[in-house]
Structure formats: structure tokens, C-alpha cells
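Engineer: Have a look at the structure that comes next, please.
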Amino acid sequence: MPDGDTPMPSKNMRTIQLADGGILLSEDAFLPTDLADRAFTRLRDECAWEQKPGIFGHMQPRLIATYGEPGLIYRYSGRDNVALPWTPTLLEIKQKIEAVQGEYNYCLLNRYRSGLDSMGMHADDEPEMGNVIGSLSLGATRTFRIRHNTTKETMKFQVGHGTLIIMAGTMQQFWKHEVPKTKEPVGERINLTFRLITRKELGR
Ligand SMILES: O=C(O)CCC(=O)C(=O)O
Ligand SMILES: [Mn+2]
């Protein structure tokens with residue numbers, strides 16, 4: 001079994017060494033289509049989706065849901081997001097990603113209802129956040145764009161049904177990422193970001 005820090009990528013996984021020690025792993029069809037289809041339907045129909053206000057008080061342009069170990073809270077954009085208990089679908093996907101890299105106790109799900117839904121440039125660099133984040137995409141293909149903080153170097157990835165991206169190394173310190181809006185007629189997309197919220201911040 002991997003120890004969580006040492007990646008065990010499959011032969012279909014690309015490893016990209018980014019400037020300043022960022023690491024990005026990606027695999028297009030990480031989840032087989034039948035499992036991806038089943039997961040998309042279940043997560044869409046079973047998760048407790050909410051639209052929440054962002055940092056400036058306006059509604060975020062997407063729906064979110066948060067799952068994980070009991071009592072775990074992830075605070076971002078000035079709001080607490082309390083984990084609901086893991087569902088079987090989330091646990092199944094979590095274990096598959098952990099077999100590649102990382103150890104996770106929390107999942108933030110984002111649901112992009114159409115091309116108008118998006119996520120702006122940001123880094124998941126809160127002090128309590130582990131540096132390895134496993135991001136699994138389901139449904140419509142969207143662009144995942146990353147940008148270096150100072151050189152502004154950018155890279156784009158098409159993330160489709162079953163695509164896995166793992167962000168690791170120093171990526172959150174030196175790079176930001178986003179899912180821009182698109183005018184293309186795209187369907188719904190669900191993205192799962194598995195994270196490790198460290199113990200010292202539990203129970204705040
Ligand atoms: O939807 C995505 O691919 C990215 C989600 C993300 O960056 C986040 O939840 O922090
Ligand atoms: Mn993010």
C-alpha cells in the first residue's frame with residue numbers, strides 16, 4: 001500500500017513537474033465509464049447540494065456539498081463547511097484515489113449546472129489543509145486552468161467524465177487554479193476534491 005506521500009501512478013497517468021516544486025498528476029479515464037456514470041447519477045441525486053454566498057456576499061456560481069469524517073469543518077471564504085457523513089459512493093472513489101496518492105478525510109463537491117457556473121482563480125492553501133488534493137471530475141468536460149503566481153505561466157487541462165487530477169508538492173503555494181465559465185453549450189459537471197484537514201484544527 002502507498003504511504004500517502006509516495007505516488008503510485010498507473011501507466012496512464014501523466015506526471016507534470018511544475019515550476020517551484022508543484023506537482024500535477026492527471027489521468028483521463030481514471031474511473032471506468034460504468035462507475036463514473038453510476039457515481040454521477042448518485043451524487044447528483046443524493047448529495048445535500050446548496051448554493052452558498054461567497055466572500056463578497058453574492059451567491060457562488062455553483063452548488064456545493066461537503067462530506068467527510070464526523071465533525072470535520074473546513075472554513076473557507078469566511079464560512080464553515082461542516083462535513084456530512086461519507087456515502088458509499090464517496091468512500092469507493094476516495095479509496096481508489098488513495099491507492100494512487102494521498103490520504104483524505106474531507107471532500108468538497110462542486111456542481112457546475114451549466115457553462116455559466118464556474119470557480120475563479122484560487123489556491124487551496126489554508127494552513128490546516130494537507131498539500132495533496134485529489135480532484136475527480138464527472139459529467140461534462142470543462143477546462144481546468146492553472147497559473148503560476150509570479151511568472152503567470154498557464155497550463156490548461158480538459159477534465160472530463162472520470163478524469164483524475166492530483167495536485168501535490170508546493171502547487172498550492174506557487175500556483176492558482178480555476179474552472180472558467182464557457183459559452184459552449186455544456187451539460188452538468190460534478191467535481192470532487194478530496195482533502196486532508198489536519199487534526200490540530202479539528203473541533204474549532
Ligand atoms: O471543479 C474543479 O475542477 C476545481 C474545484 C476546486 O478547485 C476546489 O474545489 O477547490
Ligand atoms: Mn481548488
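Read the figures in this text as sums done on the coordinates, not as results from a lab. In this text the structure is predicted, and so the values were computed from the model without any measurement. Neighbour counts are summed over all protein chains in view; Cβ atoms, including those assigned to glycine, are modelled from backbone coordinates with ideal geometry.
Engineer: What relative contact order, as a whole-number percentage, does the stretch 1-61 give when Cα pairs under 8 Å and 6 or more residues apart are counted?
Structural biologist: Relative contact order here is 16 percent.
Engineer: Can you tally the net charge around M59? Count Lys and Arg as +1, Asp and Glu as -1, for every other residue whose Cβ sits under 15 Å from the Cβ of M59.
Structural biologist: Summing Lys/Arg as +1 and Asp/Glu as -1 gives +4.
Engineer: Can you give me the relative contact order of the stretch 16-201 as a percent, contacts being Cα pairs under 8 Å and 6 or more apart?
Structural biologist: 31
Engineer: While we're looking at this one, here's another question. Hey, what do the phi angles of the stretch 134-150 turn into as Karplus ³J(HN,Hα) couplings, whole Hz, using 6.51/-1.76/1.60 and θ = phi - 60°, x for Gly and Pro?
Structural biologist: In residue order, the calculated couplings are x, 10, 10, 10, 9, x, 4, 6, 10, 8, 10, 10, 10, 9, 6, 4, 10 Hz.
Engineer: Let me ask something else about it. Could you check the spin-label model distance between T41 and T87? Points 7 Å from the Cα along Cα→Cβ, value in nm.
Structural biologist: 1.3
Engineer: While we're on this one: Residue by residue through the stretch 25-35, which ³J(HN,Hα) values in whole Hz follow from phi under the Karplus form 6.51 cos²θ - 1.76 cosθ + 1.60 (θ = phi - 60°), with glycine and proline marked x?
Structural biologist: Karplus values, whole Hz, x for Gly and Pro: 9, 8, 9, 5, 9, 4, 8, x, 4, 5, 5.
Engineer: Tell me, T87, T151, T163 in order of fewest to most beta-carbon neighbours within 10 Å?
Structural biologist: Placing the least packed residue first, the sequence is T151, T87, T163.
Engineer: I've got another one for you. Using a cut-off of under 11 Å, list every residue of the stretch 13-42 whose amide N is near the label point 7 Å from the Cα of M155 along the Cα-to-beta-carbon line.
Structural biologist: 14-26
Engineer: Calculate the spin-label point distance for H58 paired with D125, positioning each point 7 Å from the Cα along the beta-carbon direction, and give it in nanometres.
Structural biologist: 2.4
Engineer: For E188, list long-range residues whose amide hydrogen, built 1.01 Å from N in the peptide plane, is under 5 Å from its own amide hydrogen.
Structural biologist: A140
Engineer: For L18, enumerate residues with amide H under 5 Å from its amide H, sequence gap 5+ or separate chain, H modeled in the peptide plane.
Structural biologist: I23, L24
Engineer: Taking 28 Å as the cut-off for C-alpha to C-alpha distance, list the pairs among K11/K52; K152/K183; K96/K183; K11/K156; K94/K152; K52/K181 that go past it.
Structural biologist: As for pairs spanning more than 28 Å Cα to Cα, those are K11/K52; K96/K183; K94/K152.
Engineer: Right, something else. Given the DSSP H assignment, sum -39500 (n - 2.57) over each helix run of at least 4 residues in the chain and divide by its residue total; what's the result at 222 nm in deg cm²/dmol, nearest 500?
Structural biologist: After summing the helix terms and dividing by residue count, I get -4000 deg cm²/dmol.
Engineer: Please list, in chain and number order, the residues 5+ apart from N81 or on another chain whose amide H is under 5 Å from its amide H, with Hs placed from the backbone.
Structural biologist: Y74, R75, Y76
Engineer: What is the spin-label model distance, in nm, from D80 to R113 if the labels are put 7 Å beyond Cα along the C-beta direction?
Structural biologist: Placing both labels 7 Å beyond Cα along the Cβ direction yields 2.8 nm.
Engineer: For the chain, state the average projected area of the convex hull of the C-alpha atoms over all orientations, rounded to one decimal in nm².
Structural biologist: Quarter of the Cα hull surface area: 11.2 nm².
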